[in-house]
Number of protein chains: 2
Amino acid sequence: MARDLQERIKKLIIDQRLPSGSPLPTEPELMERLGVSRNSVREALKALQAMGIVEIRHGFGTYVGPMSMAPMIEGLTFRTVAGHYRGEDSLLQLLELREAVEAGLIARLAGSIPAADLADLDALVDRMDAEAAGPAGAVRAETDRAFHAALYRCLGNRLLSEVMEAFWDAFHKVRTDLVDVPQDPKVTCRQHREILDAVRSSDVLRAERAIREHFGNIRTRLNAPASTALPHPSYDR
Amino acid sequence: MARDLQERIKKLIIDQRLPSGSPLPTEPELMERLGVSRNSVREALKALQAMGIVEIRHGFGTYVGPMSMAPMIEGLTFRTVAGHYRGEDSLLQLLELREAVEAGLIARLAGSIPAADLADLDALVDRMDAEAAGPAGAVRAETDRAFHAALYRCLGNRLLSEVMEAFWDAFHKVRTDLVDVPQDPKVTCRQHREILDAVRSSDVLRAERAIREHFGNIRTRLNAPASTALPHPSYDR
DNA sequence: CTAGCTCAGTTGGTTAGAGCAGCTGACTCT
DNA sequence: AGAGTCAGCTGCTCTAACCAACTGAGCTAG
């Protein structure tokens with residue numbers, strides 16, 4: 001029945017064509033319309049919130065959610081962390097997934113990427129160089145993220161962008177929490193520039209090779225420290 | 001605080017290295033251990049259930065979930081349906097995502113796929129032929145699904161397989177519910193066989209081309225019927 | 001007249017207690 | 001010894017009350 005409740009609320013959203021951000025009926029209203037107690041309504045809403053379908057703002061109301069991939073990040077992160085602690089190579093599996101998506105996309109990019117995006121990417125690689133040479137001696141994670149996001153922006157596929165960012169986020173979270181990955185910022189910069197140059201020159205094969213090399217590099221570094229499995233590394237996410 | 005509760009339960013699972021299927025404390029036990037009311041415990045568990053992290057069995061107990069991608073399917077399906085009804089090309093975006101993943105994977109497959117898997121794939125394509133020539137005159141969806149699942153089985157990446165099946169499921173659900181896609185079973189069979197042959201002959205480029213052609217075919221059929229947007233096609237999922 | 005504060009009303013958040021419903025396992029009757 | 005039954009666990013739903021966050025109208029002070 002709880003299951004059914006969720007479906008009925010979803011149906012409400014779909015049937016009324018409610019866009020993201022639209023206000024949903026208040027809890028008492030839903031109680032009456034669905035003929036169940038407040039408790040059940042709340043449990044259904046909680047579940048829908050966990051799936052990103054609704055957004056609940058305390059003292060304000062309930063709204064149709066942004067339909068982002070945020071809940072997927074959380075689920076994926078948890079799954080990967082749990083798998084890692086149980087000795088599975090879940091982090092590597094996540095990396096392979098990222099590699100597959102990006103390698104499959106890069107072909108569509110080469111040659112059709114707008115000049116404006118290329119300029120943005122140039123700026124990002126320049127920033128990587130600066131960060132590598134700077135006091136930290138490492139490329140900031142945010143810069144790496146921005147590069148990969150900017151790369152596929154021109155495809156005009158919101159779902160694609162969000163899924164890739166979700167994968168990136170989950171990977172990043174788990175990596176920083178669980179394993180101490182050595183960085184060679186010079187190599188990182190070089191590989192990103194190679195990807196960019198390949199895309200710019202419309203060379204599909206070279207672009208795909210560059211992407212795979214980049215991920216191969218991450219993979220190598222991942223295996224290097226033998227997956228530091230701390231005895232009880234308090235999980236705090 | 002509800003947020004915090006979920007985190008504490010997740011931390012419980014992680015810290016104790018509980019594998020999928022392990023029993024979790026009962027609701028009264030969680031009440032006491034976490035110092036909150038039963039209602040709050042239940043809402044947290046509902047949210048975790050929606051993310052696939054726990055599994056609740058009425059009259060039996062609460063268990064660590066299978067960590068499958070099932071919740072993602074649901075979220076993705078809903079997102080796609082909602083987007084479609086609002087006039088977005090969300091179904092096409094989902095298809096592009098599938099294409100990207102499969103195109104990015106096929107290269108790793110060509111040449112390294114075991115003979116046993118090839119035999120399974122042969123059998124599946126044969127079944128497709130039989131179904132196409134049979135009374136229904138169309139390839140069963142389950143057969144198509146099985147083909148794509150079997151193709152990447154040998155990569156030994158559970159996450160990958162599940163994500164791809166999740167994408168397939170979401171796509172299939174939305175397509176069958178929303179748009180009336182014309183099928184040419186002969187073409188479907190031919191394209192699957194071409195993919196299989198390309199993989200068997202270790203021809204990376206040909207395999208990738210075959211995959212892209214297959215998805216291109218689906219894409220064409222998707223656009224053909226001008227996305228039948230019914231006025232109020234009662235949503236029942 | 002306006003800027004800021006205050007307070008009432010609305011909305012979601014939490015607690016408590018009671019009874020319902022599904023499953024298991026031991027006990028009993030045949 | 002086997003099948004039926006019942007007590008006990010488990011999660012599920014409901015009711016009712018109060019807490020906490022936010023909004024907006026109205027008031028007060030500048």
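The values are calculated or read from the model by the stated rules, or taken from the named source; none is laboratory data. All figures in this text were calculated on a predicted structure; none of them were measured in a lab. Cβ placement follows ideal geometry from the backbone for every residue including glycine, while neighbour counts extend to all protein chains displayed. Keep in mind that these areas ignore ligands, DNA and RNA; they rest on the heavy atoms of the full protein, side chains included. Shrake-Rupley method; radii C 1.70, N 1.55, O 1.52, S 1.80 Å.
Observations, loosely collected:
- Convex hull volume of the Cα atoms of segment B:1-41, normalised per residue: 68 Å³.
- Other copies of A:Asp122: label-to-label distances in nm, shortest first, labels 7 Å along the beta-carbon direction: 5.5
- When A:Leu118, A:Leu76 are compared by accessible surface with a 1.4 Å probe, the order from highest to lowest is A:Leu118, A:Leu76.
- Using equal-weight Cα scatterers in the Debye expression, the normalised intensity of segment B:121-173 in log10 at q = 0.14 Å⁻¹ is -0.40.
- Helix B:141-151 axis, angle to chain B major axis (alpha carbon atoms, nearest 10°): 90
- Peptide A:89-95 is shielded by partner chain Cβ atoms: per residue, an average of 4 of them sit within 10 Å of its Cβ.
- Axis-nearest residue in chain B [Cβ, rotation onto A], distance in whole Å: B:Gly104, 2
- Shown are A:Tyr85, B:Tyr152, whose ranking by accessible area with a 1.4 Å probe and every protein chain present, most to least, is A:Tyr85, B:Tyr152.
- Alpha-carbon centroids, segment B:1-46 and segment B:157-191: separation in whole Å: 37
- Our summary of shape: the Cα atoms of segment A:85-194 have principal axis extents of 45, 35, 19 Å, ordered from largest down, in whole angstrom.
- Per-residue ³J(HN,Hα) for segment B:126-136, Karplus 6.51 cos²θ - 1.76 cosθ + 1.60, θ = phi - 60°, Hz, x for Gly and Pro: 4, 5, 4, 4, 4, 5, 5, 7, x, x, 5
- Rounded to whole Hz, the Karplus (6.51, -1.76, 1.60) HN-Hα couplings of segment B:113-122, x for glycine and proline: 7, x, 4, 4, 5, 4, 5, 4, 5, 4
- Whole-Å semi-axes of the protein assembly as shown's equivalent ellipsoid (Cα gyration tensor): 35, 31, 23
- Cα-centred dipole magnitude for the protein assembly as shown, charges only on beta-carbon of K, R (+1) and D, E (-1), debye, nearest 20: 560
- Ranked from shortest, the separations from the 7 Å Cα-to-Cβ label point of A:Val181 to its equivalents in the other copies are 3.4 nm.
- Shortest-first distances to equivalent copies, position B:His58, nm, label 7 Å out along Cβ: 3.2
- Given B:Lys11/B:Lys173; A:Lys186/B:Lys11; A:Lys46/B:Lys173; A:Lys11/B:Lys11, the pairs whose alpha carbons are separated by over 31 Å: B:Lys11/B:Lys173; A:Lys186/B:Lys11; A:Lys11/B:Lys11
- What the phi angles of segment A:172-188 give under the Karplus curve with 6.51, -1.76 and 1.60, with θ = phi - 60°, is a coupling list of 4, 4, 5, 5, 5, 7, 9, 10, 9, 8, x, 10, 10, x, 4, 5, 4 Hz, glycine and proline written as x.
- Dipole magnitude (debye, nearest 20) for segment A:70-223, charges at Cβ of Lys, Arg, Asp, Glu: 180
- Kirkwood estimate for segment A:71-124, i.e. one over the average of 1/r between Cα atoms, Å: 13.6
- Bridgeable aspartates and glutamates around B:Lys10 (alpha carbons under 12 Å apart, same-chain partners fewer than 8 residues away excluded): A:Glu74, A:Asp236.
- Choice from A:Leu155, A:Leu48, A:Leu12 with maximal GNM fluctuation in chain A (Cα, 10 Å cutoff): A:Leu12
- Number of partner chain Cβ atoms within 10 Å, mean per residue of A:7-18: 4
- Pairwise Cα distances in chain A exceed 24 Å for 56 percent of all pairs.
- Largest to smallest in accessible area, the residues B:Asp129, B:Asp144 fall in the order B:Asp129, B:Asp144 (1.4 Å probe, all protein chains included).
- In Å², nearest 10: area of B:Arg108 left accessible to a 1.4 Å probe: 70
- Mean-square fluctuations from a GNM of chain A, with a 10 angstrom spring cutoff on Cα atoms, peak among A:Ser22, A:Ser37, A:Ser90 at A:Ser37.
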